[in-house]
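All remarks here apply to the structure that follows.
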Amino acid sequence: MARANDYREYAKKCFVWAQQADAEELRRASLEMASYWMEAAMRTECLSDGQTGAIADEVTEKAARHRPAMVSVTSQHRQQS
């Protein structure tokens, strides 16, 4: 099971993606995903090990909502390059 430090690493990656994003929509989605992972890290630290699986599932579900937009924007950017 992932730990709070893992979630923080995921958030850092999202922050990097946001900094590198050329499209505003991609930047916004990356920052929102980073906030989900940071929230998961904080919540994980407050809960017992038996409850952390639900947090990972919740964050994964939220991230999945942004994935189509991120893929779409990235594809559009590659076609323009």
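What follows draws every value from the coordinates through simple rules; no lab data is involved. Just so it is clear, the model here is predicted, and its values are computed rather than measured. When we count neighbours, we look across all protein chains shown, and the Cβ atoms used for this are built from the backbone with ideal geometry, even at glycine.
What the table shows:
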item	result
The range 27-40 - phi-based ³J(HN,Hα) in whole Hz, Karplus 6.51/-1.76/1.60, Gly and Pro as x	4, 5, 5, 5, 5, 5, 5, 4, 5, 4, 5, 5, 4, 4
Cα-projected label distance for R3 with Q20, points at 7 Å along beta-carbon direction, nm	2.7 nm
Burial order of peptide ranges 34-45, 10-21 (average beta-carbon count within 10 Å, highest first)	34-45, 10-21
